[in-house]
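The values are calculated or read from the model by the stated rules, or taken from the named source; none is laboratory data. Treat the numbers as computed from the prediction; the structure is a model and nothing was measured. Reconstructed Cβ throughout: ideal geometry from the backbone, glycine too, with neighbour counts over all protein chains shown.
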Amino acid sequence: MNHRTEVCRKSARTRRTVTECVAALCAWLFLAASPLFAQSPVSGPGIPPNTPPNRPLTAAPPQPGGTAALAQEAQGWLIDLIKMNTSNPPGGEAPAAKYVAAVLQKEGLTPEILEVTPGRSAVVARLRSTAVADPSKALLLVAHLDVVPADKTRWSVDPFGGVVKDGYIYGRGAIDDKGMLAANLAAFIALKRSAAHLNRDVIFLATADEETGGDASIRVLALKYWDRFAAGFAINEGGNVFIKNGKVQYIGLQASEKVSANITVIARGPAGHASQPTKDNAVVHLATAVSKIGNYNAPVRFTTIVRRYFEGLAPLEDDEISKWMRSLDTPDRGEHAQRVISDASPLWNSMLRDTIAPTMLNAGTARNVIPGEARANLNVRLLPGDTINTVVDDLNKLVSDPMVRLEVLSNAGLAAPDSSLENDFYATIARIATREFGGAPTLPFQSTWATDSSQLRLHNVQAYGLVPFPLSDEDLKRMHGDDERLAVAAFAKGVDVMTKIVAEFAGTR
Ligand SMILES: [Zn+2]
C-alpha cells in the first residue's frame with residue numbers, strides 16, 4: 001500500500017509490513033508507558049513522574065531513545081529557536097521557519113516553506129496515512145514562530161541568549177510559543193521514527209505573525225494555502241496545565257476563546273489658552289469617561305464551557321471559594337457569588353463577562369495649550385456570541401457625555417464556534433493529560449486570550465488548546481513579561497505528554 005512508503009521507513013533490504021509497523025508502534029506506545037520513561041528528567045516542583053507501568057515490561061524490545069532522549073534533542077531545538085529573534089513586530093520569521101524545515105528534512109521528511117509576505121513564512125510537513133488525504137480526519141499540530149518583544153534592560157539574562165540556568169530554560173518564547181513548537185516537532189518526529197501505521201494524516205504547522213494577527217498571520221496563510229493544512233482536528237496553544245501549591249491542580253483544555261476588539265474614545269472640545277481653563281476641556285471629559293469605563297463591570301453571562309469549567313473546579317478549591325463557585329448561577333446568591341469569584345481572580349472575572357481595558361491615552365501637543373481633542377483606546381474581550389455594538393451601546397449610556405464619542409476599530413477578531421467537548425480527540429487529550437498529570441482533572445477551558453485556533457474553528461476544525469508544560473502562576477505571569485522561562489523538567493514532561501497524545505490519537509492499535 002502506498003501509505004507505507006510515507007509512514008514506514010524502508011530499510012535497504014526490506015520494506016516493513018503493516019503488521020510490523022503496527023507492532024513497532026505498539027512497542028513504542030508501550031515503551032512510552034514503561035518504567036524506562038520514568039527515568040526521563042521529569043521530576044521537579046509540581047511535576048508528577050511519568051506514568052507508572054501498568055503491565056510488566058516483557059515483550060517490548062527496548063527502543064533507543066525514548067522521550068528522555070527526545071526531550072534532550074528537542075531542548076536543543078528550543079534553545080536554537082529562542083536565539084532567533086522573531087520579535088513581532090516585525091516578526092522576521094523566515095530564518096526560524098528555515099531552521100524548523102531543516103530539522104524535519106534531516107528526518108527524511110519533505111517540509112514546505114509557505115511564504116506569506118516577504119521575510120515572513122510558515123512551515124508545513126505531513127505524515128501520510130493513505131495515498132489520498134482525508135482532511136476531515138487529519139490531525140494538525142500548530143504552534144507559532146513569532147514572539148512578543150522583550151525589554152532587555154528588565155531581564156536578568158539575554159532574552160535571546162537561550163540561557164539554561166538553575167533548571168530553567170530562559171528566553172522570550174520559552175513558553176509562548178517556541179516551547180510548544182519544539183514539543184510538537186518532537187511528537188511529529190517521534191511518530192515518523194516509530195514508523196507507525198497511521199489512522200489519519202498528521203500535519204505539522206508552524207505559523208507566523210500570531211502575536212499581532214496581521215498580514216502574515218494564519219488568517220492570510222489559510223486564504224493562500226488552506227489545502228496544505230486542512231484538517232479535522234488540531235492541537236495548539238490556548239490551554240494550560242495549572243500548578244497550585246506545588247502540584248498540578250487541573251488541566252484547562254481550551255475549546256473556545258474570547259474575541260478581541262478595540263474601541264477609540266474621542267473627546268472633543270474647544271482648544272484654548274491653558275491660563276484660562278473652562279469646563280469643556282477635552283482632556284477632562286476623556287478622563288471622566290475613561291474613569292467610568294474602568295470601574296464598569298459588564299453583565300455576567302455563562303457559556304456552556306464556562307459553566308462546566310466552574311463545576312469542575314469547585315471541588316478543587318478551598319471551602320470558601322468552592323461554596324461561591326457552586327452558587328454562581330443560583331437565583332438567590334448568584335449576584336454575590338459572581339462578585340466574590342470575580343474579585344478572587346482576574347482570569348475568572350474575564351471568563352464570566354465581556355471585559356473592557358483602557359490601554360492607551362493620547363492628548364495634547366504643548367504644556368500651555370488645552371487640546372481640542374483627546375483619545376483613549378479600549379481593548380475589549382468579548383465572550384463568544386456577544387457583539388461589540390452591544391458593548392458600545394452600554395458604554396454610551398454609561399458615559400452619557402455629548403462631548404465624547406466611541407468608535408469601533410475595524411481590526412476586531414472573528415467569533416468562531418466552540419470546539420466540541422464530545423469527540424474522540426477531546427476525550428483522548430483529556431484521558432492522557434489526566435493520566436500523565438497525577439490524576440488531576442481535565443476541564444473544558446475558554447481562554448480570555450486569542451489564538452490561531454479561532455481561524456481553524458472558522459474552517460470547521462475541532463481545535464483544542466493545551467500548552468503541555470505544567471506551569472505555576474508565577475511562570476504564567478512571565479509569559480509576555482520579563483524573564484520568561486520554562487523548567488527543564490516541565491519541558492521534558494510536555495514533550496512526553498504531547499508525544500503520547502499524537503501517537504495514541506493517530507496511531508493504529
Ligand atoms: Zn502564543
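Key figures
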quantity: Residues of region 332-346 satisfying the condition of being within 27 Å of the chain's Cα centre (by Cα) and within 15 Å of ALA298 (Cα to Cα); calculated: GLN338, ILE341, SER342, ASP343, PRO346
quantity: Scan of region 297-329 for residues that are among the polar types (S, T, N, Q) and assigned to a loop (DSSP other than H, G, I, E, B), ordered by number; calculated: ASN297, THR303, SER327
quantity: Of the criteria (1) out of contact with any Leu (no Cβ under 8 Å at 6 or more places or on another chain); (2) more than 30 Å from ASN411 (Cα to Cα); (3) of a type in the set (Gly, Ala, Ser); (4) away from the ligand (no atom under 16 Å from the Cβ), which one ALA196 fails; calculated: (1)
quantity: Contacts under 6 angstrom Cβ, first residue in region 209-234 being within 26 Å of PHE425 (Cα to Cα) and modelled with pLDDT of 95 or more, partner away from the ligand (no atom under 16 Å from the Cβ) and part of a helix (DSSP H, G or I), 6 or more apart; calculated: PHE233/PHE425
quantity: Considering residues of region 109-126 that are closer than 9 Å to ALA94 by Cβ and without any contact (Cβ under 8 Å) to a residue 40 or more places away in the chain only, the residue surrounded by the fewest Cβ atoms within 10 Å (Cβ to Cβ); calculated: PRO118
quantity: Subset of region 421-442 (residues that are within 17 Å of GLN249 (Cβ to Cβ), surrounded by fewer than 23 Cβ atoms within 10 Å (Cβ to Cβ) and not basic (Lys, Arg)); calculated: ALA430, THR434, GLY438, GLY439, ALA440, PRO441
quantity: ALA463 of a type outside the set (Lys, Arg), modelled with pLDDT under 95 and either within 16 Å of the ligand (Cβ to nearest atom) or within 19 Å of the chain's Cα centre (by Cα) (or both); calculated: no
quantity: Conditions (1) within 16 Å of the ligand (Cβ to nearest atom); (2) surrounded by 20 or more Cβ atoms within 10 Å (Cβ to Cβ); (3) not aliphatic (A, V, I, L, M); number of the one not met by PRO149; calculated: (2)
quantity: Search result, residues across region 182-231 that are more than 19 Å from ALA71 (Cβ to Cβ) and of a type in the set (Phe, Trp, Tyr); calculated: TYR225, TRP226, PHE229
quantity: Qualifying residue in region 190-200 (condition: in contact with a Gly (Cβ under 6 Å, 6 or more places away or on another chain), within 30 Å of ASP134 (Cα to Cα) and either buried (at least 23 other Cβ atoms within 10 Å of the Cβ) or of a type in the set (D, E, K, R) (or both)); calculated: yes
quantity: Qualifying residue in region 399-412 (condition: in contact with a strand residue (DSSP E or B) (Cβ under 8 Å, 6 or more places away or on another chain), within 23 Å of ASN349 (Cα to Cα), away from the ligand (no atom under 16 Å from the Cβ) and at pLDDT 95 or above); calculated: yes
quantity: Residue count, region 366-385 (criterion: among the β-branched types (Val, Ile, Thr) and surrounded by fewer than 17 Cβ atoms within 10 Å (Cβ to Cβ)); calculated: 1
quantity: Qualifying residue in region 165-183 (condition: β-branched (Val, Ile, Thr), surrounded by fewer than 24 Cβ atoms within 10 Å (Cβ to Cβ) and in contact (Cβ under 8 Å) with a residue 60 or more places away in the chain); calculated: no
quantity: Out of VAL340, VAL290, VAL265, sole residue that is out of contact with any Cys (no Cβ under 9 Å at 6 or more places or on another chain), buried (at least 22 other Cβ atoms within 10 Å of the Cβ) and among the aliphatic types (A, V, I, L, M); calculated: VAL265
